[in-house]
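Please read the structure below before turning to the comments.
The values are calculated or read from the model by the stated rules, or taken from the named source; none is laboratory data. Everything numeric in this text was worked out from a predicted model, so none of it was measured. When we count neighbours, we look across all protein chains shown, and the Cβ atoms used for this are built from the backbone with ideal geometry, even at glycine. Surface areas here come from the heavy atoms of the whole protein model, side chains and all, with no ligands, DNA or RNA. Shrake-Rupley method; radii C 1.70, N 1.55, O 1.52, S 1.80 Å.
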Amino acid sequence: MSFLRIVLRLSVFGCLGALWLLAGVFLYLSPDLPDVETLRDVKLQTPMLVYTRDGELIGQFGEQKRSPLPFEEIPEQFIKALLAAEDDNYFVHRGVDVMGLMRATSELVLTGEKGSGGSTLTMQVARNYFLNRDRTFIRKFNEILLAIEIERSLDKEEIFELYFNRIFLGHRSYGFEAASQVYYGKPISELSLAQHAMLAGVPKAPSRINPVTGPEEGKERRDWILGRMYTLGYITREEYESAVAEVDGARLWGAQLGFAAHYAAEMARQEMVQRYGLDAYTNGYHVFTTIDSELQRVATRAVVDGLIAYDKRHGYRGPERKLPPRGTDAETIADWRAALREAPPVGDLEPAIVTSVAEDKATLLLADGSTPDLPWENGIRQARPYLSENATDAAQQPVAKLLAIGDLIRVARDEEGAWQLAQLPAAQAALVSLNPDNGAIVSIVGGIGFEKSKFNRATQAQRQPGSNFKPFLYSAAFDAGFTAATIINDAPIVLDGGSQDDLWRPENDEGKFYGPTRLRWALTKSRNLVSIRLLQRLGVKRLIKYANNLGFDTSSYVPELSLALGTQSITPLELAKGYAVLANGGYRVEPYLIQRVEDLNGDTVFEALPPTVCRDCDGPPAAVEDDGEEMSMEEILAAESPAAVELPPAPRVMDARVNFIIDSILKDVITRGTGRRALVLERSDIGGKTGTTNGPMDVWFSGYNRDVVTTTWVGFDNYTPLGRREFGGTAALPIWIDYMREALQDSPEQERPMPPGIVTVRIDPQTGQPASPGQGNAIFEYFKRETAPSSSGRRSGRRESDSSLYDEVNDLF
């Protein structure tokens, strides 16, 4: 009895000592414990997502891949898998599971391995959000105390949600929804039981036991979890056996983009960083752009097809790389496979390695491991070896002259699905399309492939526009009093460049001269010498001031007569902005890409308010009639509450009459001038202008109707010539046509209304003066009322004979 009393006393003292020890630990640690209430407002690092205006994902930016889900959207099957793996008593205990700790200890002693974890999910939340991963008793006590406090402050669903969305699961994925996308390419709600169990096993060792890095260890852990689920009664025997037998097909998936619009997504990323700094990558913003998904696809396809067509005209340049066999066959195949992985497809152009060459074919190795034949008859014989941009060798060359073993080449399927020899175009192109009424960027392509070059030529390439700039010179002239019927001589001109040896002798593209020419016909046919003489009479300073008012950045314009031929540097986006003025009736708009930005909660934190064309705003405000009747309260409230946010009006920068006349001439460019290829669109409401610079090094086409304006450019990044038979109408216009064929589908043809102050006069096409009664070759021309020629042959507009203002050319500079 005395022995029992001693044992009892020792037990009591031991318990009291333990309680005192625990109380002491609590008093020592509790002042330094963080406030668990902060978990209610925790901000998870969530990547930025970029969408088109119709909701297709085109970009994801942020170091941590995370897609938070609320508890009610987490699949019940996955919840059971995770509980079986980590904490099957989760919905019973209050933060610390004594039985779970004992079970984990016994498993460790009996098997030497850690099976189910000793830490509860709540303890892991405490560790993941507040503590480091140091293995010390102090840290473990803090973890226990925090878990108890978390359970007192949050409900079980909130705690589970915090764990589900925060934990690291390998390959930059944080949270199980993100891990599901990374490893299986689909949301967790679409995964199978076996895949749920596989993900539930990853937290044990995320960098080692994930289904990609450690597939064997991952499968072993998965099967153990499935066994636990069966033991706990979560699944049936049949479900268990089926899941264990399932082959796991995990691999690394990128962001599940709706389609590739990398140039637009990168533009959105840059603007978001400018707006929000580095928080743009972590605050989970959803960025909705102005991009139209379908037209963006069409634009990309048009640019690729246009460059491939250009490239075929100039011959086969040879392989991208030469990788001759080395060492053993296995080493050679490994080298070739690595090279194919480094050469992503561009459009329909697939990379391939030549593995053998015969008289009638070559055998290829493709990235998917297949080894098709490339026959000479239909796949190789059409290739013409490149000699220069102006010459190619003959077709039907022997296979061995074109290809060798180890060549990295490109192939593409023809209409019947057979492989043909191809190549990546060396030239580049850009396309930008705007809504002319507000500047919204509908589609934008900065090159043949973002994978090949991230340089966005639509926004960054400063190139000479050539004749594509001429409509703005003629607009300035019409604004100053010249007319579409003004006659200027198309004849040789020699201009002093500043020294005796520096004389400029500009020519027309054809090298011909056509004598006295009306300005309408000069712009329609893109006559260079008429344009230079027109600028000489207008004044360079006046043109620069006019262009600046239209929205062009003229800070780098050199005040020289060469501006008449578009020798200044400009981006395709800026040129499209200028053509928007021509398309919308004379209003300046600013291109923009981001329509709105939403935060993680779906609240709008930014919305664009672009200056927008208001064609009814030019006139005086409509008078409000007062019928003397008293308004009801409902009518008063309806009148005072705005139905929508009012957009600021775009400023008018071009006389409506000048705009109307220029538009009519640019329609002539399509029907009778350098843009006649566009007649295939069978539209009467489109206008546009080609552009070709010296070399030619740059070729352009810009055109529009009332609903869409598009600029296309083709050239080499290194400023080498495109070939003497290439012009805006041969290389850039076909891209524009392919795009606009789709862009105009939902745009009904509409005739532009004639603005007040325009008169139509029947003139002699040779003199620009009113036609004689009964004159057979007379034509009708549009004039501003004050510049229309009178019947006596006099008019208020300027003519070439009006020399008093123009003889002193030096005064213009």
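Give me a comma-separated list of calculated 3J(HN,Hα) values for the stretch 738-747, in order, Karplus coefficients 6.51, -1.76, 1.60 applied at θ = phi - 60°, integers in Hz, x for any Gly or Pro.
For the stretch 738-747, the Karplus curve yields 4, 6, 5, 4, 8, 5, 8, 4, 9, 10 Hz.
Can you pull the accessible area of His93 for me, 1.4 Å probe, Å² to the nearest 10?
Result for His93: roughly 20 Å² accessible.
Which whole number in µm²/s is D for the stretch 223-330 by Stokes-Einstein, with the Kirkwood Rh taken over Cα pairs at 37 °C and 0.692 mPa s?
Reported coefficient: 158 µm²/s.
Regarding the stretch 709-779, what are the three Cα extents along the principal axes, ordered largest first, in Å?
Projected onto its principal axes, the Cα set of the stretch 709-779 covers 56, 36, 22 Å.
Assuming a viscosity of 0.692 mPa s and a temperature of 37 °C, what translational diffusion coefficient in µm² per second does Stokes-Einstein assign to the stretch 182-222, Rh being the Kirkwood radius over Cα pairs?
Estimated diffusion coefficient is 326 µm²/s.
Taking all protein chains together and a probe of 1.4 Å, list Phe455, Phe176 from the most accessible to the least accessible.
Descending accessible area places them as Phe455, Phe176.
Which pairs, out of Lys65/Lys186; Lys312/Lys512; Lys525/Lys545; Lys541/Lys784; Lys186/Lys452; Lys512/Lys545, put more than 21 Å between their alpha-carbon atoms? Don't skip to the end; give the middle numbers.
On the way: Lys65/Lys186 14 Å; Lys312/Lys512 30 Å; Lys525/Lys545 26 Å; Lys541/Lys784 23 Å; Lys186/Lys452 28 Å; Lys512/Lys545 32 Å.
Listed pairs above 21 Å: Lys312/Lys512; Lys525/Lys545; Lys541/Lys784; Lys186/Lys452; Lys512/Lys545.
What nm distance separates the two modelled labels at Val247 and Ala491, each placed 7 Å from Cα along Cα→Cβ?
With each label placed 7 Å out from Cα toward Cβ, I get 8.4 nm.
Which whole-Hz couplings ³J(HN,Hα) result when phi for each residue of the stretch 342-357 is put into the Karplus expression 6.51 cos²θ - 1.76 cosθ + 1.60, θ = phi - 60°, listed in order with x for Gly and Pro?
Here the 3J(HN,Hα) series is 7, 10, x, x, 10, x, 9, 8, 9, x, 8, 10, 6, 9, 7, 10 Hz.
At 10 °C and 1.306 mPa s, what whole-number value in µm²/s does Stokes-Einstein give for the translational diffusion of the stretch 644-787, with Rh from the Kirkwood sum over Cα pairs?
Calculated translational D: 90 µm²/s.
Once the other residues with Cβ under 10 Å from the Cβ of Ala426 are scored (Lys, Arg +1; Asp, Glu -1), what is the net sum? Write down the numbers at each step before the final one.
Working: positive: Arg317; negative: Asp311, Glu389, Asp717.
Taking every other residue near Ala426 into account, the sum is -2.
Can you compute the modelled spin-label distance between Arg724 and Gln420, with each label point 7 Å from Cα toward Cβ, in nm?
2.8 nm
Counting only protein chains, not ligands or nucleic acids, how are Thr612, Thr524 ordered by accessible area (probe 1.4 Å), most first?
On the way: Thr612 30, Thr524 0 Å².
In descending accessible area the options line up as Thr612, Thr524.
Would you mind giving the three semi-axes, in whole Å and largest first, of the ellipsoid equivalent to the stretch 439-587 according to its Cα gyration tensor? Don't skip to the answer; put the middle values down first.
Numbers: eigenvalues 163, 73, 45 Å².
Semi-axis lengths for the stretch 439-587 are 29, 19, 15 Å.
Starting from the residue with the highest accessible area, list Met48, Met754 in decreasing order, probe 1.4 Å.
Greatest to least solvent exposure: Met754, Met48.
Accessible area of Glu157, 1.4 Å probe, to the nearest 10 Å²?
Accessible area, nearest 10 Å²: 80 Å².
Keeping all protein chains in the complex and leaving out DNA, RNA and ligands, what accessible area do you get for Arg53 with a 1.4 Å probe, in Å² to the nearest 10?
The accessible area of Arg53 comes to roughly 130 Å².
Can you tell me the mean projection area, over all orientations, of the convex hull of the stretch 202-248's alpha carbons? Units nm², please.
3.2 nm²
If you look at just the Cα atoms of the stretch 331-434, how large are its Rg and its Dmax in Å?
14.8, 51
Provide the net charge surrounding Asp746, with neighbours chosen by a C-beta distance below 14 Å and charges set as Lys +1, Arg +1, Asp -1, Glu -1.
So the environment of Asp746 carries a net charge of -4.
Can you tell which of Gly511, Phe478, Leu495 lies farthest toward the positive end of the dipole of the stretch 476-535, using +1 and -1 charges on the Cβ of basic and acidic side chains (Lys, Arg; Asp, Glu)?
Toward the positive end, the furthest listed residue is Phe478.
Enumerate the calculated ³J(HN,Hα) couplings along the stretch 410-416 in order (Karplus 6.51 cos²θ - 1.76 cosθ + 1.60, θ = phi - 60°), each rounded to whole Hz, writing x wherever the residue is Gly or Pro.
With coefficients 6.51, -1.76 and 1.60, one gets 10, 10, 9, 7, 7, 5, 8 Hz.
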